[in-house]
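Scroll down for the structure; my scribbles are underneath it.
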Amino acid sequence: MRNRLFWRLFAAFTATILLTVAVSAFAMVAMVRAERQDALESELTVQARDIALLLRQQDAQNYGFFGREPYLGAAVKQKIVSVREEYNCTVWLAYANGVAYAVESDTVSAEQLRSDAMLEQLYRVLSGAEIHVRGLLDPETASTVTIGVPWLSSAGRVQGAVMLHISVADLKVDYSDTIRNALISGALSLALGTFLSLIIASSQSKPLRRITTAVTQFAQGNLASRIPVQGKGEIAALAQSFNTMAEDLSRLEESRRSFVASVSHELRSPLTCIRGYIEGMQDGTIPPEEQGPYLEIVLQETNRLTALVNDLLDLSRIESGKVALKPEVFDINELARLSVIKFERRIEEKNLNVEVHLREEPLLVRADRDRIAQVLTNLIDNAIKFLPEGGLLALSAREAGRECLVSVRDNGPGIAQEDLPYIFDRFYKADKAHTSGMGTGLGLSIVKKILEQHGQDIRVSSSKGGGAEFTFTLEAAQAPEKRKEESPNESL
Ligand SMILES: Nc1ncnc2c1ncn2[C@@H]1O[C@H](COP(=O)(O)OP(=O)(O)O)[C@@H](O)[C@H]1O
Ligand SMILES: [Mg+2]
């Protein structure tokens with residue numbers, strides 16, 4: 001993986017650098033060329049002016065024209081030849097009387113001279129301007145530059161024009177410096193790019209590799225596998241999420257294991273007991289007249305098995321979302337009283353004090369009555385189960401705005417802080433030592449599921465040694481006759 005990431009970064013860097021170097025080399029070449037061309041053109045302008053000056057001096061020495069053929073002194077001829085050889089350009093001299101004359105071996109075709117553009121430029125020069133035009137000789141390719149300067153007589157009158165044509169297509173420019181600079185900067189950036197891609201690739205791929213290793217280990221069953229989190233970037237966030245997920249999964253796995261263990265235990269001990277007594281009755285160890293109490297125990301154990309299986313079925317049914325709620329309006333005070341009464345025998349056995357903070361008048365709520373009865377039963381069952389002899393069980397229900405708060409409190413052993421986040425998890429039992437007869441760790445998760453189904457919430461406040469209080473919310477409802485009066489509002 002490291003190599004792939006490295007090569008990808010490296011390719012991207014290299015491509016970017018090569019492209020940049022190519023573009024800048026191209027721009028540099030064009031710039032150098034334009035500069036060279038400008039320099040050449042201004043040199044040629046100077047040369048043309050020199051020729052014009054020589055012609056003027058020759059005029060001053062009183063040479064002048066002889067008929068239609070102009071006279072060219074040796075100095076002018078020599079200058080023209082040297083300019084032509086040095087710059088490999090074409091030199092024309094045009095006279096104000098309109099006769100073109102080719103100097104030395106330079107020839108002018110009538111066609112070239114007669115083109116409108118050429119004549120126009122020629123007249124401009126003859127009227128005293130200096131010109132500088134491209135493509136006069138070859139309008140298609142425009143690779144020649146024409147420079148024209150007027151040539152004056154000693155009296156200052158325009159006598160004619162000195163025209164130089166030079167092809168810039170084969171303008172020789174020395175690009176070796178430019179290319180060398182481009183190559184050097186390219187090589188430097190490439191070296192820097194390689195270095196950077198190495199650093200970035202390894203700094204990016206190392207955490208990814210660590211994550212891959214951890215995930216692979218986790219998938220192979222090592223639930224303790226975690227990723228060390230470094231920094232704050234996306235990869236750190238990913239590592240953090242993985243760790244959280246791993247934490248959840250391993251806790252789930254842990255509770256599944258302990259559930260299987262405790263269910264097996266819960267099932268085995270009553271079954272062993274039932275089998276023992278029935279075998280005793282069958283082989284006569286327990287005589288028929290003494291069978292009564294033993295049958296009673298067998299019945300109790302069967303009831304416990306049924307309760308356990310029912311809990312499991314309830315939970316799986318609620319979790320799969322198959323049971324639809326049957327909401328109705330009922331008095332929560334009445335339901336709370338009935339729920340306590342169900343535990344009358346156990347309350348008396350343990351000699352518990354019961355405080356019921358319930359008002360006489362009905363406190364109406366809207367919920368599935370049977371489900372809420374189960375919630376209360378599970379909470380009261382827990383309180384009674386964990387309370388010591390002579391402990392206190394307190395129940396209360398009160399209205400709070402649109403909600404109704406129901407609480408079940410005891411002054412028993414309480415729940416340790418570190419167990420609090422998990423007590424609503426399936427199969428979670430804070431007191432891991434407690435065994436037979438003490439439940440399965442399903443009660444509170446059923447409670448939570450039922451309330452979630454109602455869109456309600458349950459909270460617990462407890463501390464070790466300080467008792468426990470479970471408070472849940474219910475939707476408050478109006479009395480049926482009041483509801484009728486306020487029904488327009490209610491429908492909002
Ligand atoms: N009133 C309580 N006092 C102390 N601990 C409690 C109380 N209610 C619940 N717990 C803790 O929460 C755990 C989960 O409760 P529950 O889901 O009802 O399972 P069970 O009652 O089968 O153990 C209990 O095992 C216990 O450790
Ligand atoms: Mg319970």
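Only Lys, Arg, Asp and Glu count, each charged at its Cβ (+1, +1, -1, -1), so figure out the dipole size of the chain about its Cα centre, rounded to 20 debye.
Values: 54 positive and 63 negative charges, 244 e Å.
So the magnitude is around 1180 debye.
Set the bar at 30 Å for Cα to Cα. Now go through 350/464; 350/429; 385/449; 322/350 and name every pair that lies beyond it.
On the way: 350/464 21 Å; 350/429 22 Å; 385/449 21 Å; 322/350 38 Å.
With Cα atoms farther than 30 Å apart: 322/350.
So which trypsin sites (Lys or Arg not before Pro) in segment 148-228 pass both tests, a DSSP loop state and at most 11 other Cβ atoms within 10 Å of the Cβ? Write down the numbers at each step before the final one.
Values: sites: 157, 172, 180, 209, 210, 226; in loops: 157, 172, 226.
Qualifying residues, ordered by number: 157, 172.
Step through the residues of segment 237-242 one at a time and calculate ³J(HN,Hα) from phi using the Karplus curve (6.51 cos²θ - 1.76 cosθ + 1.60, θ = phi - 60°), rounding each to whole Hz and writing x for Gly and Pro.
Residue by residue, segment 237-242 yields 5, 4, 4, 4, 5, 4 Hz.
Can you tell me the orientation of helix 2-60 relative to the chain, as the angle in degrees between its alpha-carbon axis and the longest Cα principal axis, to the nearest 10?
Helix 2-60 sits at roughly 20 degrees to that axis.
Show log10 I(q)/I(0) for the chain at q = 0.08, 0.12 Å⁻¹, two decimals, from a solvent-free Debye sum over equal Cα scatterers.
With one equal scatterer per Cα and no solvent, log10 I(q)/I(0) is -0.76, -1.09.
For n ≥ 4 DSSP H runs only, could you compute -39500 (n - 2.57) per run for the chain, divide by its residues and tell me the 222 nm figure to the nearest 500? Each step should come with its number before you reach the end.
On the way: 13 runs with 270 residues, N = 492.
Value at 222 nm, helices only, nearest 500: -19000 deg cm²/dmol.
Pop the C-beta distance of residue 95 and residue 38 into the FRET formula with R0 = 30 Å and round what comes out to the nearest 0.05.
Working: r = 30 Å, r/R0 = 1.00.
E(calc), rounded to 0.05, equals 0.50.
Using each residue's phi in segment 150-160, evaluate 6.51 cos²θ - 1.76 cosθ + 1.60 at θ = phi - 60° and report the 3J(HN,Hα) Karplus result to the nearest Hz, with x for Gly and Pro.
Whole-Hz 3J(HN,Hα) from phi for segment 150-160: x, 10, 9, 7, 4, 7, x, 8, 6, 9, x.
Any chance you could run the full-extension gain for residue 366 through residue 124? It's 0.36 nm times the residue separation minus the Cα-Cα distance, nm to one decimal. Walk me through the numbers on the way to the answer.
Values: separation 242, 0.36 × 242 = 87.12 nm, distance 10.47 nm.
Between residue 366 and residue 124, full extension yields an extra 76.6 nm.
Modelling each spin label as a point 7 Å along the Cα-to-Cβ direction, I'd like the residue 398/residue 78 distance in nm, to one decimal.
Placing both labels 7 Å along Cα→Cβ, they lie 12.6 nm apart.
List every residue whose amide H lies under 5 Å from the amide H of residue 159, counting only residues 5 or more places away in sequence or on a different chain, with H placed 1.01 Å from N in the peptide plane.
151, 152, 153
Using Cα centres only, tell me the gap between segment 452-480 and segment 76-90 in whole Å.
Rounded to whole Å, the Cα centres lie 110 Å apart.
For a label point 7 angstrom out from the Cα of residue 4 toward its Cβ, which stretches of segment 203-223 have the backbone nitrogen within less than 16 Å?
Hits in segment 203-223 for residue 4 at 16 Å: 204-213, 216.
To the nearest 0.05, how large is the calculated FRET efficiency for residue 306 and residue 226 if R₀ is 35 Å and r is the Cβ-Cβ distance? Kindly include the intermediate steps, with their values, before the conclusion.
On the way: r = 42 Å, r/R0 = 1.21.
Between residue 306 and residue 226 the formula returns 0.25.
Using a 10 Å cut-off around each Cβ, can you sort 419, 410, 38 from fewest to most neighbouring Cβ atoms?
Numbers: 419 16, 410 25, 38 10.
Taking fewest neighbouring Cβ atoms as first place, the list is 38, 419, 410.
Readers should treat all values here as calculations from the given coordinates under stated rules, not as data from a laboratory. Keep in mind it's a predicted model, so treat the numbers as computed, not measured. For neighbour counting, all protein chains shown are included, and Cβ atoms are generated from backbone atoms with ideal geometry for every residue, glycine included.
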